[in-house]
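Worksheet for the structure shown next.
The values are calculated or read from the model by the stated rules, or taken from the named source; none is laboratory data. Quick caveat, the model's predicted, so the values are computed rather than measured. Neighbour counts are summed over all protein chains in view; Cβ atoms, including those assigned to glycine, are modelled from backbone coordinates with ideal geometry. For the accessible areas, the whole protein counts, side chains as well, though only heavy atoms, and no ligand, DNA or RNA atoms are used. Shrake-Rupley method; radii C 1.70, N 1.55, O 1.52, S 1.80 Å.
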Amino acid sequence: MMLLRRFFSTTHRTNVKVSVLGAAGGIGQPLALLLKLNPLVTELYLYDIVPHTPGVGADISHIDTNSYTKAAKGPEEVAEALCGAELVVIPAGVPRKPGMTRDDLFDTNASIVRDLMEFVCKFCPKAVITIVTNPVNSCLPIAAQVMKKNKVFDPNRLIGVTTLDIVRSSTFVASIKGMDPTKLKIPVVCGHSGETIVPLISHCKPKVDLSKDEIVCVIKRIQNAGTEVVKAKAGAGSATLSMAYSGARFVGAVLRGMTGESNVIECSMVAHDYCGLNYFAGPLLLGKNGVEKKFGLPDEISDFENELVKIALPILKKNIKRGEDFDNCGS
Ligand code: NAD
Ligand code: LMR
């Protein structure tokens, strides 16, 4: 049946299979919903290990958009979920509870990411992989190590998703000035956790006029926004809906680049030999093969932003090393 769809579909230029790993979770479900609404996705596979995974797949598959949707449950069905996938999104893993840092998730999530990446290397080694699982600063290097071990590492096809920081920056800065957040673009660099999140308000487009106090205050809020949600959810997890929106936006941008749109730029974290680190979050040009260009830091940033970057780099370096040193890769 899928083969017939491929031959007779006239509405899509290419066949794009997207697989979500961890699709029955708090992020996975709304993310799957948003991807089901994206006309660039022609096949959507929802993979998870929980018993209700087929139910999530059945539910989504009733939506009348032009894509084939299927659920896959457990390792015995993972091959079907991944074979032929061009883009894989990984939100599998546990979220924070109040009082925890993202680093506290490492012990559980590192092995989840490692094991899923083994499947990815085996079944769709050429796909673009986007990692949502925390701690992103360490899970991205873990994913890279698995790909290196399997000799399929392509630094332009592996991305740690930091879009939620960009989304929050627009929302919070716009709210100070009473502006439309959809019209504001603020690059966020370095990494994704606490002080490694460095919004570059001086590069906001269009320019916004904020006092030093407003800048200090809004940056603090952006850096702590994940914790703000964790506290408010009072033990029921972390950001899911805003993350699903951010994940769908980032995946949408990758797909637009892959299907030929030019000048698609979004910030996220990639392997980048930059500022003495092996990984760095910054603006990326997305194209047919994933990441086409990494811009890093703009030439000129404010003195305050420079101080923030100086604080972020050693923390980020430590987070990255923890991922690189995760010594059970593939064992
Ligand atoms: P959740 O617990 O609601 O969902 C996680 C899902 O992953 C569950 O359905 C679970 O069954 C599944 N899972 C676990 N191990 C798996 C495996 N081996 N294979 C397949 N599926 C597996 O959690 P959530 O709220 O969706 O958050 C998921 C992750 O995303 C967390 O680590 C969280 O910290 C992270 N997160 C990242 C960002 C970001 O900005 N990058 C934002 C929010 C949350
Ligand atoms: C976020 O920024 O909301 C996520 O990284 C989840 C978390 O634990 O804060």
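Per the helix-only calculation at 222 nm, which mean residue ellipticity applies to the chain, given -39500 (n - 2.57) for every DSSP H run of n ≥ 4 and division by its residues, nearest 500 deg cm²/dmol? Numbers along the way, then the final one.
Working: 11 runs with 138 residues, N = 331.
Dividing the helical sum by the residues of the chain leaves -13000 deg cm²/dmol.
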* Counting only Cα, what are the radius of gyration and maximum Cα-Cα distance Dmax of the chain, in Å? -> 19.1, 60
* Roughly how many Å is it from the Cα centre of the range 117-139 to that of the range 65-88, as a whole number? -> 15 Å
* Structure fact -> For Lys73, counting only lysines whose alpha-carbon sits under 20 Å away and dropping same-chain residues fewer than eight positions off, the answer is Lys17, Lys36, Lys122
* Helical segments meeting 27 Å axial Cα length and Kyte-Doolittle -0.5 threshold in the chain (DSSP H) -> 303-324
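Hey, got a sec? Which trypsin sites (Lys or Arg not before Pro) in the range 172-250 land in a DSSP loop and have at most 10 other Cβ atoms within 10 Å? Display every interim value, and only then the final one.
On the way: sites: Lys177, Lys183, Lys185, Lys207, Lys212, Lys220, Arg221, Lys231, Lys233, Arg249; in loops: Lys207.
Hits after loop and neighbour filter: Lys207.
Using heavy-atom solvent-accessible surface (probe 1.4 Å) with all chains present, what is the largest-first order of Tyr274, Tyr45?
Greatest to least solvent exposure: Tyr274, Tyr45.
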* Structure fact -> Per the Cα gyration tensor, the range 178-323 corresponds to an equivalent ellipsoid with semi-axes, largest first in Å, of 23, 20, 19
* Please give the solvent-accessible surface of Arg322 in Å², to the nearest 10, using a probe radius of 1.4 Å with every protein chain present. => 90 Å²
* Want the number for Lys318 to Lys97: 0.36 nm per residue separation, take away the alpha-carbon distance, what's left? -> 77.3 nm
* Per residue, what volume in Å³ does the Cα convex hull of the range 131-245 take up? -> 120 Å³
* If you place +1 on the Cβ of every Lys and Arg and -1 on the Cβ of every Asp and Glu, how big does the dipole about the Cα centre of the chain come out, in debye to the nearest 20? -> 380 debye
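Within 10 Å, count the other beta carbons around each residue, average over each peptide in 99-111, 129-141, and list them highest first. Walk me through the intermediate numbers first.
On the way: 99-111: 16.9, 129-141: 28.5.
Order by mean packing, descending: 129-141, 99-111.
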* To do: Would you please give the FRET efficiency between Lys122 and Asn263, computed as 1/(1 + (r/R0)^6) with r the Cβ-Cβ distance and R0 = 30 Å, to the nearest 0.05?
  => 0.30
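Need one number: % antiparallel among DSSP beta bridges in the chain, to the nearest 5. Walk me through the numbers on the way to the answer.
Details: 20 of 41 bridges.
Counting only bridges with both partners in the chain, antiparallel ones make up about 50 percent.
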* Asked: Using mean Cβ contacts within 10 Å as the protection proxy, how do 149-160, 68-79 order, highest first?
  -> 149-160, 68-79
